[in-house]
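Structure first, then comments.
The values are calculated or read from the model by the stated rules, or taken from the named source; none is laboratory data. These figures come from a predicted structure and were not determined experimentally. So basically every Cβ, Gly included, is an ideal-geometry build from the backbone, and we count neighbours across all protein chains shown. The protein model used for the area step is the full one, side chains on, heavy atoms only, and it has no ligands, DNA or RNA in it. Shrake-Rupley method; radii C 1.70, N 1.55, O 1.52, S 1.80 Å.
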Amino acid sequence: KLFPTGPHLYVIGSMKELGPESAAWHRRTGSELAIAEPSEIYLVGEEARSMAEGLLRQGIASATIHLVDSVEEIRDPLDRFKGAVFVKGSRSMGLESLLPKGGQQC
């Protein structure tokens with residue numbers, strides 16, 4: 001809601017604390033996320049595919065969903081990106097290492 005217009009980039013890592021129902025919770029979260037348009041979505045971690053299934057279920061275009069194997073694969077697209085960035089995932093994912101130097105925190 002802070003950035004209703006313009007490009008958006010989402011970096012979403014698996015939430016490891018969800019236990020044995022993790023896949024179902026990731027699918028549900030993906031199906032209920034309010035994704036602003038235009039968007040690029042990078043998913044990383046064990047439940048990236050489950051989250052993608054939920055995003056696809058809500059009608060997010062598959063071309064905007066990127067499954068990556070490591071946080072490092074997100075660095076280049078993020079460094080080139082100009083717009084609002086949303087980062088969320090378990091601390092163990094290390095997503096904070098992606099935050100650009102000079103980025104403005106909200």
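Values for this structure:
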item: Residue check for residue 77: in a helix (DSSP H, G or I) and open to solvent by less than 30 Å² (accessible area, probe 1.4 Å); result: yes
item: Cross-chain or 6+ apart pairs with Cβ under 9 Å, region 49-73 first and touching a residue at least 40 places away in the same chain (Cβ under 8 Å), then open to solvent by 50 Å² or more (accessible area, probe 1.4 Å); result: 71/97
item: Matching residues in region 1-50 - criterion: being surrounded by 20 or more Cβ atoms within 10 Å (Cβ to Cβ), in contact with a Leu (Cβ under 6 Å, 6 or more places away or on another chain) and not aliphatic (A, V, I, L, M); result: 13, 30
item: Out of 39, 50, 22, 14, sole residue that is in contact with an Asp or Glu (Cβ under 6 Å, 6 or more places away or on another chain) and under 19 Å from residue 74 (Cβ atoms); result: 14
item: Residue that is nearest to residue 71 (Cα to Cα) [pool: residues in region 37-56 that are among the hydroxyl-bearing types (Ser, Thr, Tyr) and in contact with a strand residue (DSSP E or B) (Cβ under 8 Å, 6 or more places away or on another chain)]; result: 42
item: Residue tally, condition touching a helix residue (DSSP H, G or I) at 6+ places or on another chain (Cβ under 8 Å) and not in a helix (DSSP H, G or I), over region 20-36; result: 2
item: Members of region 37-50 that are over 10 Å from the mean Cα position of the chain (by Cα) and part of a helix (DSSP H, G or I); result: 49, 50
item: Residue count, region 82-99 (criterion: in a loop (DSSP other than H, G, I, E, B), loosely packed, with under 14 Cβ neighbours inside 10 Å and modelled with pLDDT of 85 or more); result: 1
item: Total residues in region 51-72, condition closer than 16 Å to residue 9 by Cα, open to solvent by 50 Å² or more (accessible area, probe 1.4 Å), at pLDDT 95 or above and in a helix (DSSP H, G or I); result: 2
